[in-house]
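Asks: Input: one structure, supplied below.
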Protein chains: 2
Amino acid sequence: MAESLDLILERTLDAPIDLVWRAYTDPEHLKHWFAPKPYEISECELDLRPGGIFRVRMIGPDGFDTGHGNASCVLEVIEGQKLSWTSALGPGYRPAEMGEGCESFPMTAIISLKDAGSGKTQYKAVALHKNTQDRDAHERMGFQEGWGTTARQLEELAKGLSVNA
Amino acid sequence: MAESLDLILERTLDAPIDLVWRAYTDPEHLKHWFAPKPYEISECELDLRPGGIFRVRMIGPDGFDTGHGNASCVLEVIEGQKLSWTSALGPGYRPAEMGEGCESFPMTAIISLKDAGSGKTQYKAVALHKNTQDRDAHERMGFQEGWGTTARQLEELAKGLSVNA
């Protein structure tokens, strides 16, 4: 049953796993790919340990702005392999106030990376919801398109790191 | 600011820290003290690792019954020292549906134990809320009395373990 409450995106990225991990976990890199363009991340604060902060501010040309607030909480960090966080909690595990738009329902994200050989990376992103209503709302907001676009942006950025490494 | 959203209970328990920890983390022991009598715990399921389940069913003589559901999620386990869990998430970090009564608002509990010498234990329980409304509701439900009573019950049970150890 739990499975049906998840939205899942899987891609093979044409970039080595260590660079994908770096692109995901360095706030300066994350800013450049985490929002599907033309949206962008204007602020990013990461403290990658259980209980740490995961906060981004997303803005858009249409005046869209998530604001400073609504920080999420990091849950799991397995170096180079796995990163989970949730918007149901804020930093220090405090239950979070829900906001508006994408932040109107709590969600847990579980990102897994696997070495796919030949300098490629298997990327899996799972969004966990509490009920079908939230899952459906997230799907209608364009989960597949949005997260698919950012996966491509992540791939491009990680490839660029490779060239300059 | 965050501090003001917390409810805190501190007690020095007349029982050694290893027995207090055992009384807290063994479901068969927890059943006997976790509900303020005459309420009782009829079911208890613990998987003490981050992402694991923390589920109790509480029943009362007045027909009170929390039911099977609304499992919480374990967040932190530092053997013999610290245990945190939250009702904002279920097992596997899935955002949780809120229920009724005590389960109508999300809460994170952080339990800390310290050796106070002479076979005593410093016990600190912090309940984290998302806003003052939830904190006040929890206080009105009798946080200090309820958690105070269970702290005494925990102490008694842990002392009993000492005798039989």
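The values are calculated or read from the model by the stated rules, or taken from the named source; none is laboratory data. Being a predicted model, the structure only gives us computed values, none of them experimental. Positions of Cβ are backbone-derived with ideal geometry, glycine not excepted, and every protein chain shown enters the neighbour counts. Protein only, heavy atoms only, side chains kept; ligands, DNA and RNA dropped before computing areas. Shrake-Rupley method; radii C 1.70, N 1.55, O 1.52, S 1.80 Å.
Asks: With θ taken as phi - 60° and the coefficients 6.51, -1.76 and 1.60, list the Karplus ³J(HN,Hα) couplings across segment A:68-84 in order, rounded to whole Hz; mark glycine and proline as x.
Replies: Using θ = phi - 60°, the values come out as 6, x, 6, 5, 8, 10, 6, 10, 9, 9, 10, 2, x, 10, 8, 9, 10 Hz.
Asks: Sum -39500 (n - 2.57) across every DSSP H segment of at least 4 residues in chain B, then divide by the residue count to get the 222 nm mean residue ellipticity, nearest 500. Walk me through the numbers on the way to the answer.
Replies: Numbers: 4 runs with 44 residues, N = 165.
Helix-only estimate at 222 nm: -8000 deg cm²/dmol.
Asks: What accessible area, in Å² to the nearest ten, does a 1.4 Å probe give for A:Lys120?
Replies: Its heavy atoms expose roughly 80 Å² to the probe.
Asks: Taking the Cα centroid of segment B:109-165 and of segment B:1-66, what is the distance between the two, rounded to the nearest whole Å?
Replies: What the calculation gives is 8 Å, centre to centre.
Asks: If you don't mind, there's one more thing I want to ask. Please report, for the Cα atoms of segment A:16-165, the Rg to one decimal and the Dmax as a whole number; what are they, in angstrom?
Replies: Final numbers for Rg and Dmax: 15.0, 44 Å.
Asks: What FRET efficiency do you get for B:Asp14 and A:Gln81 if R0 is 51 Å and r is their Cβ-Cβ distance, rounded to the nearest 0.05? Let's see the in-between values first.
Replies: Working: r = 45 Å, r/R0 = 0.89.
So the FRET efficiency works out to roughly 0.65.
Asks: For segment B:21-36, take each phi angle, set θ = phi - 60°, evaluate the Karplus expression 6.51 cos²θ - 1.76 cosθ + 1.60, and give the result in whole Hz per residue in order, putting x for glycine and proline.
Replies: 4, 5, 5, 7, 9, 9, x, 5, 6, 4, 3, 8, 10, 5, 9, x
Asks: Please report, in debye to the nearest 20, how large the charge dipole of segment B:23-127 is about its Cα centre when each Lys and Arg carries +1 at its beta carbon and each Asp and Glu carries -1 there. Display every interim value, and only then the final one.
Replies: Values: 10 positive and 14 negative charges, 84 e Å.
Dipole about the Cα centre, nearest 20: 400 debye.
Asks: Sorted by average packing, counted as other Cβ atoms within 10 angstrom per residue and highest first, what order do B:34-46, A:79-91 take?
Replies: Listed from highest to lowest mean packing, they are A:79-91, B:34-46.
Asks: Moving to a separate point now. Using the Cα centre as the reference, give the magnitude of the dipole from point charges on the C-beta atoms of the protein assembly as shown (Lys, Arg: +1; Asp, Glu: -1; all else neutral), rounded to the nearest 20 debye. Display every interim value, and only then the final one.
Replies: Numbers: 34 positive and 50 negative charges, 109 e Å.
Result for the protein assembly as shown is approximately 520 debye, rounded to the nearest 20.
Asks: What value does segment A:1-94 have for Rg/Rh, both radii from Cα atoms and Rh as Kirkwood defines it? Please list the in-between numbers first.
Replies: Values: Rg = 14.2 Å, Rh = 14.6 Å.
Reported Rg/Rh (Cα atoms, Kirkwood Rh): 0.98.
Asks: In whole Hz and in residue order, list the ³J(HN,Hα) couplings for segment A:127-141 that follow from phi through the Karplus curve 6.51 cos²θ - 1.76 cosθ + 1.60, θ = phi - 60°; x for Gly and Pro.
Replies: 10, 9, 10, 8, 7, 5, 4, 5, 4, 5, 4, 5, 5, 5, 5
Asks: Something else now. Compute and list, largest first, the equivalent-ellipsoid semi-axes of the protein assembly as shown from the alpha carbon gyration tensor, each √(5λ) rounded to a whole angstrom. Walk me through the numbers before you get to the answer.
Replies: Working: eigenvalues 333, 91, 62 Å².
Over the Cα atoms of the protein assembly as shown, the semi-axes work out to 41, 21, 18 Å.
Asks: Starting from the Cα of B:Glu156, step 7 Å along the direction of its Cβ; do the same at A:Gln122; then give the gap between the two resulting points in nm.
Replies: Computed distance between label sites B:Glu156 and A:Gln122 equals 5.5 nm.
Asks: Give me a single rounded figure for B:80-92: the average over its residues of other chain Cβ atoms within 10 Å of their Cβ. Show your work: numbers first, answer last.
Replies: Values: counts 0, 0, 0, 0, 4, 1, 7, 2, 12, 11, 5, 1, 5.
If you average over the peptide's residues, the count of other-chain Cβ atoms is 4.
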